[in-house]
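These notes are about the structure you will find just below.
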Amino acid sequence: MKKVLFIDRDGTLVLEPHDYQVDALDKVEFYPLVFQYLAKIVQELDYELVMVTNQDGLGTPSYPEDTFWPAHNAIIKAFRNEGVTFAEEVIDRTFPHENQPTRKPGTALLTHYMDGSVDLPNSFVIGDRITDVQLAKNLGAKAIWMVTDPQLGADEISNDARNLQEVIALTSTDWGEIYRFFKGRQRTGKVHRVTKETDVFVQLDLDGQGRYNNHTGLGFFDHMLDQLAKHSGANLEVRVQGDLHIDEHHTIEDTAIALGEAFRQAVGDKRGMERYGSCILPMDDCLATAAIDFSGRPWLVWSADYRREKVGQMPTELFYHFFKSFSDTALCNLNIKAEGENEHHKIEATFKAVAKAIKMAVKRDINSQELPSTKGVL
């Protein structure tokens, strides 16, 4: 699915004049470095650009159209001359006091981007107003907030009741920093999966520090998820409310499904990524081998047997099921072999080996846009 940058105009692409109306050519002053770095984003990254702007009272006596369009068209032409084109220019003409759903942060003019054809979780709104951040939240996207007064920004955040801080991926007034963020931005996934049997929340950052905060209700399972985070270098948070009064199956299966989906989100289009990883890992009497390919195709090869029915509260038969469900939703090939005497060591070595294989596979060169496939698609 395509990804979109919804970009504000005034205060983001051009500097905003004191009267807040860019209604003459001599009032057009472009944001510093915007041509250089927005052109690089267009050339090097896979985003569609959409301009979204509120123009208070456009077409009324307070803002005649014949003063708006010459300046606006000159702005569009200047960007086009630098190789930057906008797929659409979405302009709302209403006044703030009218509270129309077409006006940012309303989404009434953007519903065609919310029909499932756009990868909104990996799309961004770029703007200088808190309404741009609110728009990102309403779209299900992230925000780049170009707020010029950090204290004002902090006050606006603290006074907003909708947890907007979680929406803001970057606060910056530097288009160079914004470009570098997109070029090498952290690869994240967030999944909240609710069924009649479980409520699973997973948050993943592939470019983390191996931090973890996992609570599934199953102590040994938490310990294994901790290993997955620590040895892959990813930050991982898993919270589960499951029907453990029945048994452990649904909690483990649904966690694997949500975790696989989070990985699928995080690896994205896989450009510049190694794709393949493998590890042979010893742990005392045990040896675990894991190999992974983020190929876009699910497959699991499994060679591990257990003599114990459970380790901790976790049935050993569910380890195969965990990795099968993970590979199915992460869309990866996974080959696992484990041998040894101590079942705890055998299982822990398996999770560590998979983690090390993942770490190798997701390694990337942020300066490369090469897809690791001769097919041209993964």
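Working only within the range 337-359, note down all residues that are over 22 Å from Gln313 (Cβ atoms) and buried (at least 17 other Cβ atoms within 10 Å of the Cβ). Of everything in the range 337-359, those that are over 22 Å from Gln313 (Cβ atoms) and buried (at least 17 other Cβ atoms within 10 Å of the Cβ) turn out to be Ala353, Lys356, Ala357, Ile358, Lys359. When the range 249-277 is limited to residues that are assigned to a loop (DSSP other than H, G, I, E, B) and at pLDDT 95 or above, the one that is surrounded by the fewest Cβ atoms within 10 Å (Cβ to Cβ) turns out to be Glu274. Look at (1) farther than 25 Å from Ala141 by Cα; (2) in contact with a strand residue (DSSP E or B) (Cβ under 8 Å, 6 or more places away or on another chain); (3) without any contact (Cβ under 8 Å) to a residue 24 or more places away in the chain and you find that Leu15 fails only one, number (1).
Filter the range 33-62 down to residues that are of a type in the set (Ser, Thr, Tyr) and not in a strand (DSSP E or B) and give me whichever is nearest to Gln100 (Cα to Cα). Residue satisfying both the conditions and the ranking: Ser62.
Against the condition assigned to a helix (DSSP H, G or I) and in contact with a Ser or Thr (Cβ under 9 Å, 6 or more places away or on another chain), how does Lys356 come out, does it pass?
Considered against the rule, which asks whether it is assigned to a helix (DSSP H, G or I) and in contact with a Ser or Thr (Cβ under 9 Å, 6 or more places away or on another chain), Lys356 comes out as yes.
Residues in the range 312-331 include at least one that is among the hydroxyl-bearing types (Ser, Thr, Tyr), within 30 Å of Ser123 (Cα to Cα), outside any strand (DSSP E or B) and touching an Asp or Glu at 6+ places or on another chain (Cβ under 8 Å).
Under the condition of being of a type in the set (D, E, K, R) and loosely packed, with under 12 Cβ neighbours inside 10 Å, the residues counted in the range 99-127 number 1.
Restricting to the range 63-110, and then to whatever is in a loop (DSSP other than H, G, I, E, B) and basic (Lys, Arg), can you tell me which residue is farthest from Trp145 (Cα to Cα)? The qualifying residue farthest from Trp145 (Cα to Cα) is Arg93. Checked against (1) among the polar types (S, T, N, Q); (2) within 28 Å of Gly376 (Cβ to Cβ); (3) in a helix (DSSP H, G or I), Ser295 passes all but a single condition, namely (3). The residues listed here are Leu45, Leu25, Leu38; of these, the one that is in contact with a helix residue (DSSP H, G or I) (Cβ under 7 Å, 6 or more places away or on another chain) and without any contact (Cβ under 8 Å) to a residue 60 or more places away in the chain is Leu25.
Can you find a residue that is of a type in the set (Lys, Arg), crowded, with 19+ Cβ neighbours inside 10 Å and either in the same structural domain as His97 (by TED's automatic domain parsing) or under 25 Å from Ser172 (Cβ atoms) (or both) anywhere in the range 9-27?
The initial filter retains those residues of the range 9-27 that are of a type in the set (Lys, Arg), namely 9, 27.
From the residues that got through so far, the ones that are crowded, with 19+ Cβ neighbours inside 10 Å too are 9.
From what's left, either in the same structural domain as His97 (by TED's automatic domain parsing) or under 25 Å from Ser172 (Cβ atoms) (or both): 9.
Looking for residues that are of a type in the set (Lys, Arg), crowded, with 19+ Cβ neighbours inside 10 Å and either in the same structural domain as His97 (by TED's automatic domain parsing) or under 25 Å from Ser172 (Cβ atoms) (or both), one finds at least one in the range 9-27, hence yes.
Which is touching a strand residue (DSSP E or B) at 6+ places or on another chain (Cβ under 9 Å), among the small types (Gly, Ala, Ser) and exposed (fewer than 15 other Cβ atoms within 10 Å of the Cβ), of Ala78, Ala74, Ala87? Of the residues listed, the single one that is touching a strand residue (DSSP E or B) at 6+ places or on another chain (Cβ under 9 Å), among the small types (Gly, Ala, Ser) and exposed (fewer than 15 other Cβ atoms within 10 Å of the Cβ) is Ala87.
Residues of the range 267-316 that are farther than 13 Å from His345 by Cα and of a type in the set (A, V, I, L, M): Val267, Met273, Ile280, Ala290, Ala291, Ile292, Leu300, Val301, Met314. Within the range 199-224, residues that are more than 14 Å from Val240 (Cα to Cα) sit with their Cβ atoms under 6 Å from residues that are part of a helix (DSSP H, G or I) and of a type in the set (Phe, Trp, Tyr), at 6+ positions apart or across chains, in these pairs: Met224/Phe351. Of the residues in the range 298-311, how many are assigned to a strand (DSSP E or B) and not polar (S, T, N, Q)? Adding up the residues that qualify gives 6.
Filtering the range 128-173 down to residues that are in a loop (DSSP other than H, G, I, E, B) and modelled with pLDDT of 90 or more, which residue is surrounded by the fewest Cβ atoms within 10 Å (Cβ to Cβ)?
So the first thing to find is which residues in the range 128-173 are in a loop (DSSP other than H, G, I, E, B), and the list is 128-129, 140-141, 146-149, 160-163, 167, 172-173.
Next cut, modelled with pLDDT of 90 or more only: 128-129, 140-141, 146, 172-173.
Working: Asp128: 22, Arg129: 20, Gly140: 13, Ala141: 23, Met146: 22, Ser172: 15, Thr173: 17.
Checking each candidate, the answer is Gly140.
Residues of the range 359-378 that are part of a loop (DSSP other than H, G, I, E, B) and not polar (S, T, N, Q): Val362, Lys363, Asp365, Ile366, Glu370, Leu371, Pro372, Lys375, Gly376, Val377, Leu378. The residue pairs whose first member lies in the range 122-149 and is in the same structural domain as Pro32 (by TED's automatic domain parsing), whose second member is in a helix (DSSP H, G or I) and crowded, with 22+ Cβ neighbours inside 10 Å, and whose beta carbons are closer than 6 Å, counting only pairs six or more residues apart or on different chains, are Val125/Asp132; Val125/Leu135; Val125/Ala136; Lys142/Ala136; Ala143/Val133; Ala143/Ala136; Ile144/Ile178; Trp145/Val133. Restricting attention to the range 276-286, the residues being of a type outside the set (Phe, Trp, Tyr) and either touching a Cys at 6+ places or on another chain (Cβ under 9 Å) or within 18 Å of Phe323 (Cα to Cα) (or both) number 5.
Assess whether His245 counts as being part of a loop (DSSP other than H, G, I, E, B) and either more than 27 Å from Asp205 (Cβ to Cβ) or in contact with a helix residue (DSSP H, G or I) (Cβ under 7 Å, 6 or more places away or on another chain) (or both). Talk me through it step by step, then tell me what you get.
Values: part of a loop (DSSP other than H, G, I, E, B): yes; either more than 27 Å from Asp205 (Cβ to Cβ) or in contact with a helix residue (DSSP H, G or I) (Cβ under 7 Å, 6 or more places away or on another chain) (or both): yes.
Criteria met by His245.
The values are calculated or read from the model by the stated rules, or taken from the named source; none is laboratory data. These figures come from a predicted structure and were not determined experimentally. Positions of Cβ are backbone-derived with ideal geometry, glycine not excepted, and every protein chain shown enters the neighbour counts.
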